[in-house]
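In what follows, a single structure is set out as structure tokens and then discussed.
The values are calculated or read from the model by the stated rules, or taken from the named source; none is laboratory data. This one's a predicted model, so the numbers in the text were calculated from it and none came from an experiment. Positions of Cβ are backbone-derived with ideal geometry, glycine not excepted, and every protein chain shown enters the neighbour counts.
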Amino acid sequence: MVMLTAIVAFTACRKEKVTVSTLTANTVNDLAADTIIGIAPTGQPYGSGKFTFYSLETKSIVPNSDSATNKWDLGFRGTLIITNSGNAGPGNGGGFVYVGTFNDLRSVPADSTFRTDNAPASYAIPFGSGKGWYSYNGPTNLVTPIPGRLLIVRTAIGKYAKMEILNYYKGGITPAASAPDGDKLTKQRYYTFRYVLQSDGSKNF
């Protein structure tokens, strides 16, 4: 009887064992995303119109000459983020915006639907103030990430990552609301973000 009790207790302990993820977050600082090169007669800033392509797996920028390959996972141009999917690229990418906290998100929800890019009608990561990862304040002319908005990304080769945009300004510091608009324009379009990529192909983080 004593031995049986010990066996049951041991089995219960084994069932309660929790596996802790060993994945670490990668942080990218000041990723230039079509930085502003001039001001149009209308007063609107403009860049070159080119995306900055990034590989989550190699943790590096991918040349524009490889835009038609599956070497990149995400493309950044101003506040627009594209995935290597649909009419944006030949990859098996996709994504969506998830509401929650970075550390608490341990796996891709089972009922998730990954969107693909269909520019200019729609994007996997919704584009526009309040629709996706950011909000734009007209009076202060500032772009800020919305707290609790994460990006869940399927990479070009079908792996999964969670991502959080931390800042949109050079140095990872949002200018003061009272700062001159010129300073705000020259410092914007520099992404700081963190992400966790599951390289084994599973949906667990």
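Residues that are surrounded by 12 or more Cβ atoms within 10 Å (Cβ to Cβ), closer than 27 Å to Gly86 by Cα and either touching a Cys at 6+ places or on another chain (Cβ under 9 Å) or among the hydrophobic types (A, V, I, L, M, F, W, C) (or both) do occur in region 170-193, at least one of them. All conditions in (1) under 22 Å from Asp200 (Cβ atoms); (2) out of contact with any helix residue (DSSP H, G or I) (no Cβ under 8 Å at 6 or more places or on another chain); (3) in contact (Cβ under 8 Å) with a residue 60 or more places away in the chain; (4) surrounded by 15 or more Cβ atoms within 10 Å (Cβ to Cβ) hold for Thr27, with the sole exception of (4).
Does Ala68 meet the test of being free of Cβ contacts under 8 Å to residues at least 12 places away in the same chain and out of contact with any strand residue (DSSP E or B) (no Cβ under 7 Å at 6 or more places or on another chain)? Write out each step before concluding.
Details: free of Cβ contacts under 8 Å to residues at least 12 places away in the same chain: no; out of contact with any strand residue (DSSP E or B) (no Cβ under 7 Å at 6 or more places or on another chain): yes.
For Ala68, the condition - free of Cβ contacts under 8 Å to residues at least 12 places away in the same chain and out of contact with any strand residue (DSSP E or B) (no Cβ under 7 Å at 6 or more places or on another chain) - is not met.
Out of (1) exposed (fewer than 15 other Cβ atoms within 10 Å of the Cβ); (2) at pLDDT 95 or above, the odd one out for Gly91 is which? Gly91 satisfies all of (1) exposed (fewer than 15 other Cβ atoms within 10 Å of the Cβ); (2) at pLDDT 95 or above except (1).
The criterion of being of a type outside the set (Lys, Arg) and more than 13 Å from the chain's Cα centre (by Cα) holds for Asn64.
Can you name every residue in region 116-125 that is touching a residue at least 24 places away in the same chain (Cβ under 8 Å) and either more than 20 Å from Gly78 (Cα to Cα) or outside any loop (DSSP other than H, G, I, E, B) (or both)?
If we filter region 116-125 for residues that are touching a residue at least 24 places away in the same chain (Cβ under 8 Å), which is where we start, we get 116-119, 123-125.
Across region 116-125, the qualifying residue is only Asn118.
I need a count of the residues in region 53-92 that are part of a loop (DSSP other than H, G, I, E, B) and β-branched (Val, Ile, Thr). Explain how you work it out, then say what you get.
Taking region 53-92 as the starting set, the residues that turn out to be part of a loop (DSSP other than H, G, I, E, B) are 56-59, 63, 67-73, 78-79, 84-92.
Subsequent filtering for residues that are β-branched (Val, Ile, Thr) retains 58, 69, 79.
The total comes to 3.
Just checking, does region 160-168 include any residue being among the polar types (S, T, N, Q), surrounded by 15 or more Cβ atoms within 10 Å (Cβ to Cβ) and within 15 Å of Leu80 (Cα to Cα)? Looking through region 160-168, at least one residue is among the polar types (S, T, N, Q), surrounded by 15 or more Cβ atoms within 10 Å (Cβ to Cβ) and within 15 Å of Leu80 (Cα to Cα).
Of the residues that make up region 98-114, is at least one in contact with a helix residue (DSSP H, G or I) (Cβ under 9 Å, 6 or more places away or on another chain), part of a strand (DSSP E or B) and surrounded by fewer than 16 Cβ atoms within 10 Å (Cβ to Cβ)? Before you say what the answer is, go through the steps one by one.
Our first condition is that a residue be in contact with a helix residue (DSSP H, G or I) (Cβ under 9 Å, 6 or more places away or on another chain); within region 98-114, this holds for none.
Checked region 98-114: no residue is in contact with a helix residue (DSSP H, G or I) (Cβ under 9 Å, 6 or more places away or on another chain), part of a strand (DSSP E or B) and surrounded by fewer than 16 Cβ atoms within 10 Å (Cβ to Cβ).
Out of Gly158, Gly148, Gly91, I need the residue that is farther than 21 Å from Asp30 by Cβ, over 16 Å from the mean Cα position of the chain (by Cα) and touching a residue at least 40 places away in the same chain (Cβ under 8 Å). Which one? Full working, then the answer.
Values: Gly158 fails: over 16 Å from the mean Cα position of the chain (by Cα); Gly148 fails: over 16 Å from the mean Cα position of the chain (by Cα).
Checking each option against the conditions leaves just Gly91.
For region 17-34, does any single residue satisfy the condition of being β-branched (Val, Ile, Thr) and at pLDDT 95 or above?
Going through region 17-34, the residues β-branched (Val, Ile, Thr) turn out to be 18-20, 22, 24, 27-28.
Checking which are at pLDDT 95 or above leaves us with 27-28.
The answer is yes; a qualifying residue exists.
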